[in-house]
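Some notes on the structure that comes next.
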Amino acid sequence: MKKRSKFSALFLAAVLSVSITACGSSENDTKKNTTSSQSTVQDEKSDSQKNDVDPFVTAKKNMADVSSLNGKMTMEMNMVLEAGGETQTFETVTSTDMTYFSDPLHMKGDVTVDSGENGTISTTIYAEAEEDGTYTMYQTDGTSWQSQSVPLDYLSQYNASNNMAEYLNDSYPYEEDGTEQIDGKNAYKYTAVLTGNEIKQALESSGALDTFGSSLGMDESQLEGMTDDLGNMPVSLWIDEESLYPVKYEIDMTSIMDKLISSITESMAEEEDAGLSMKIPKMTLSMTCSDYNAAKDFTIPEEAKADTAAAES
C-alpha cells in the first residue's frame, strides 16, 4: 500500500502517545492537575467492606510501601487505513511482562508486539539506577544488546508499581460497582468515566500531543483544535478483597484515539491531497499486578553489560 511510511509514523506516534498518557509520569503530576473531576469514591461504604475498612483508601496506603511486584500490561489496537483507493486493516496486541524493585531501583520488561500476519517483534529490557543517580537501560532483540542513559520518567512505562498507583486517583469520579473475581479471588470493583476535557489536559501536559506533531512534522497551528470533543474514557479498577492491593485496571481509549488520529490524518490529507484516512475501531489497555513485596529478584545479564561496553569502546 502507498504511503506506508506515513502509516508507520502514525502507528508509532499513536503507540507512544498511549504509553505517555495511559501510563502517566513517575511524579504523578499529570493527573493531579485535573480540576473538573473532583468527586471521590462514594462516602457510604458497601456492606461487603468489612470492619469499616475503605478498600480504596487502604489500597493507596499499601501502594506507598511496595518494594517489589510483577505486572502484565496488554494493549490492543486495531487500525483501518485508507489511501489511494486501497484499504488495509492492522490488528496489534502489545504485551509487556514487568518486574519491579524499588531499593535499589531495578526493573525488567519482556515486550511482545504481535501484528498478526505482519509479524511479531519481541524485546527484553532491563533498567537500573547507577551510583551517580543516573539510570541505564539495556535492550535486546535476542541477537545483540544496546544500552543508553535515560531519565527516570522514561522508565515509567515499565514501572508496574507507578502504573498501577496512577489509577488510585482521588480526582477520578469512581463509583463502587460490586465485586468480581480476578485470578480466582474476590475483588472490589470501581468504575469511572473521564471526560474529553480531562484527557485533553493530560495530552497537553504530558507532551503526548507534541509527540504526535513532531513525529509527523506538524506545527502547532495544525495541532490546534485536534483535542476538542475527544469523547470519554471509561476506567475500571479492581482491589483484592483480602490483601487490599489493587490487582487490575482497564481503560478504553478507542473514542479518544480515533478522534485524535482521524483529525491528524484529515489534516495531512488536506495538505498533501493524499486521500489518506485512518480509523481506530479499538484501543484498550489493561494491567494486572501480583506478588506484591514478593517478586522474584533478577540480575541484569553479564552479556548485556559486556556487549554494550564493547560497542562503546
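A few notes on this one:
- Simple spin-label estimate for Asn118 and Ser144 in nanometres, 7 Å along Cα-Cβ: 2.6 nm
- In plain terms, the chain from Glu86 to Glu302 could stretch by 72.9 nm, reckoned as 0.36 nm per residue minus the Cα-Cα distance.
- Counting 0.36 nm for each residue step from Glu180 to Ser286 and taking away their Cα separation leaves a gain of 36.6 nm.
- Using θ = phi - 60° in the Karplus curve 6.51 cos²θ - 1.76 cosθ + 1.60, the 3J(HN,Hα) couplings for region 93-107 round to 10, 10, 10, 10, 9, 10, 10, 10, 10, 8, 9, x, 5, 7, 8 Hz; x is entered for Gly and Pro.
- Backbone geometry of region 256-263 corresponds, through the Karplus equation with coefficients 6.51, -1.76 and 1.60 at θ = phi - 60°, to 3J(HN,Hα) couplings of 5, 5, 5, 5, 5, 6, 5, 5 Hz, x marking Gly and Pro.
- Cross-link table Lys200/Lys248; Lys189/Lys279; Lys248/Lys305; Lys248/Lys282; Lys200/Lys305, entries beyond 29 Å C-alpha to C-alpha: Lys189/Lys279; Lys248/Lys305; Lys200/Lys305
- For region 80-85, 3J(HN,Hα) per residue [Karplus equation, 6.51 cos²θ - 1.76 cosθ + 1.60, θ = phi - 60°, Hz, x = Gly/Pro]: 10, 10, 10, 7, x, x
Bear in mind that the values in this text are calculations on the coordinates, not laboratory data. If you're wondering where the values come from, they're calculated on a predicted model, not measured in any experiment. When we count neighbours, we look across all protein chains shown, and the Cβ atoms used for this are built from the backbone with ideal geometry, even at glycine.
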